[in-house]
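I have placed the structure first, in the form of structure tokens, so that the comments after it can refer back to it.
The values are calculated or read from the model by the stated rules, or taken from the named source; none is laboratory data. Every value quoted in this text rests on a predicted model; they were computed, and no experiment measured them. Every residue, glycine as well, gets a Cβ built from its backbone with ideal geometry; the counts of neighbours run over all protein chains shown. With ligands, DNA and RNA removed, areas are computed over all heavy atoms of the protein, side chains included. Shrake-Rupley method; radii C 1.70, N 1.55, O 1.52, S 1.80 Å.
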Amino acid sequence: MKIAAPSTRSIEITQVLEWNNNETRRVEDYLAGEEPLEMRSGRQRLGVTLRTPGNDAELAAGFLFTEGIISKREEILAIEAPGDAAGRGGATNNIARIKLKPGVRLAALGGRRFSAGSACGICGKESIAQVRRRGIRAPDANSRFDAEMLCRLPEKLRATQAIFGRTGGLHAAALFRGDGELVVLREDIGRHNAVDKVAGWALLQGKVPLAGHALLVSGRGGFEIVQKALAAGIPLVASVSAPSSLAVRLARELGLTLVGFLRGRRFIIYSGEQRLA
């Protein structure tokens, strides 16, 4: 089980005024960190995202992979992410430099310049047709999951959200094996960043495609989440809230099992019910 240790910049402490039953007092409060991360290859800017500092190398790798800028682990020779080891301060902490294998065609970026916020995601998102043109295939058809196991996952997610427990302000993405064992969990102020961190971890560990695994995300299951899960070969995506209409369409077209409103002993299957026993 791989749970990231919080970066020194993942959490900030501030003084606030608390109002409680007509009484006020000054107390210390924890805030989830939010800073921009710029990803560069040589002189070329690959993208910028607002993220919670920590696991920046995984985030960069996952972003490049799930957005189709690279197609396999071997295309990354090195990632320099000073923010993973540094303390507070310094603009270089917010730059990840990626050394790519000679011959990797960054021309695939075309005129796109990715810029992602912590909440809204990447602007000008690819259509389902464009996702298909990237060559993303349907996930493993033989993976099977037990409904009872699925119901236990949200509690496991909450129990291991270290930063959320202190700030209440982060999303999480957790990868589970088919038997319900937690493999890796990542937190971020942006739910798509949390998924990229999980995908980047798996890519750098040589574990993609992730057949036989389930991804659970806090909040809603949007188009970006489904797209990124498909890129990583994950056959089941579950969220504690609702999916979007475009996420459901994409899941149905590419054969991903999509579950929403996973709470207590109830959930709704929007696509791929054949994988759930």
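For the reader, a short list of remarks on this structure follows.
- Cα-based equivalent ellipsoid, segment 14-58: semi-axes from gyration tensor eigenvalues, Å: 39, 9, 7
- Among the protein heavy atoms of segment 130-220, carbon and sulfur supply 47% of the accessible surface, probe 1.4 Å, non-protein parts ignored.
- Per residue value of the accessible surface for segment 150-277 (all protein chains in place, 1.4 Å probe), Å²: 34 Å²
- Where only C-alpha atoms are counted, convex hull volume of segment 218-277 per residue in Å³: 70 Å³
- Here Arg158 and Asp179 are evaluated by their C-beta separation; at R0 = 25 Å the FRET efficiency comes out at 0.80.
- Peptides 147-158, 129-140, 229-240, 172-183 ordered by packing proxy, namely the average of other Cβ atoms within 10 Å per residue, highest first: 229-240, 172-183, 147-158, 129-140.
- Over segment 136-277, relative contact order from alpha-carbon pairs under 8 Å, at least 6 apart, %: 26 percent
- For segment 173-277, the convex hull spanned by the alpha carbon atoms encloses 89 Å³ per residue.
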